[in-house]
Amino acid sequence: MLPISKNALNLLSLKNIGCFAHTLNLIVQSALELENNLIDRVKTIVSHFKKSTVTNNIFKTYQINNGIKERKKLIQDVQTRWNSTYYMINRFVEMEKSIRGTLGLLDNAPDTLSSEDWLILQDLIKILKPFDEATKAISRQKYTIASLVIVIVQGLYKVCNNLLKMNLSQRALLIANKLLSNMNEREGFKNCEKSMTLSKCTFLDPIFKHLPFTNISPVKNEVVENVANIIRDKEQPSESDINIQRTPILEPGELSIWSEIDSNVARFTPLGSAKSRAIVEVQCYLDDAVITRNQDPLKWWKGQSYNYPNLSLLAKNSLCHLGTSFLVKGFFQVQV
């Protein structure tokens, strides 16, 4: 997928939604600036271990001598990807004993970290893990990503509020507060449930349906109206249908070989308005059990097209995979 300008999207009648993964990246990077000094010192140590052959050999020897069977390498972060900083810190804390032991054996070692610094890093892992989960989820290629946005945002808000109640260090709590503040400053992030495009995707995802919504009425009413329009379009007679001679109406008592079949056909002709039938179909969908998160919503809809003939058409046209700058450089592109 190549980058597409906003003007081009307008010409193609496509809706532009800012890259969610990029927004998430900015939110976390801004919060991590509060601990730039600590993170820079971690980077310096990791860089020293990676660039110095002598240090790296001492590091390996220390792990062997201390019976560490699974010898791992330190990870250096990438400036443009916040979660690479998370991976760096996670591996750094995981190998704390080996790092501290190696630094103690070096003649010209980088400045080591204090006990408080190590505790801060442990807290940062707890804080950043849910954001890493969100980044991975939104960057997957084989999924209807648009349906995840509302669910992920709600989950991140809940996580941040729970973090503020945990027994974390004061510095770590400042990070959690900053993350929450950054999310609130992003209008599209904070009010993503107000986007009917995203709401319809979440509603039509059989993994979520109505469950994530604080107020289900707006999106449910929109879906019902969309399904009713599909039903009306289906029942709109085509030109060929108009040219077909209508079934003659029999006079009372008149005998015909078609009497019985015409009577049966009439009994099974759908009754009610398009709107009422749409309401029934949507409600049946909501009453059906949700599927697990490891199932494919698109495959589910394919298998349910007989049970939900009109709703499945809407799902086919609405559910989509959004482009993200974590995979390609570009905008989310959603068909209106």
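The values are calculated or read from the model by the stated rules, or taken from the named source; none is laboratory data. These figures come from a predicted structure and were not determined experimentally. Cβ: placed from backbone, ideal geometry, glycine included. Neighbour counts: every protein chain shown. Accessible surface is based on the protein model in full, side chains and every heavy atom, while ligands, DNA and RNA are left aside. Shrake-Rupley method; radii C 1.70, N 1.55, O 1.52, S 1.80 Å.
Couple of notes before you dig in:
- Rounded to whole Hz, the Karplus (6.51, -1.76, 1.60) HN-Hα couplings of segment 171-188, x for glycine and proline: 5, 5, 5, 5, 5, 4, 5, 5, 4, 5, 5, 4, 5, 5, 6, 8, 4, x
- Per-residue ³J(HN,Hα) for segment 96-106, Karplus 6.51 cos²θ - 1.76 cosθ + 1.60, θ = phi - 60°, Hz, x for Gly and Pro: 3, 4, 5, 5, 5, x, 5, 4, x, 9, 8
- Eligible lysines near Lys43 by straight Cα distance, threshold 29 Å, same-chain separation 8 or greater: Lys51, Lys60, Lys69, Lys72, Lys73, Lys97, Lys126, Lys129, Lys136, Lys178, Lys329
- Computed from point charges on the beta carbon alone (+1 for Lys and Arg, -1 for Asp and Glu), the dipole magnitude for segment 176-227 about its Cα centre is near 140 Debye.
- Rounded to the nearest 10 square angstrom, Arg81 shows an accessible area of 60 square angstrom against a 1.4 Å probe.
- Distance between the modelled labels on Ala289 and Ala109, one decimal in nanometres: 5.7 nm (7 Å Cα→Cβ projection).
- As a ratio to 2.2 N^0.38 Å, the alpha-carbon radius of gyration computed for segment 75-195 takes the value 1.27.
- Part-to-part distance (alpha-carbon centres) for segment 126-140 and segment 146-195, which is given in Å: 12 Å
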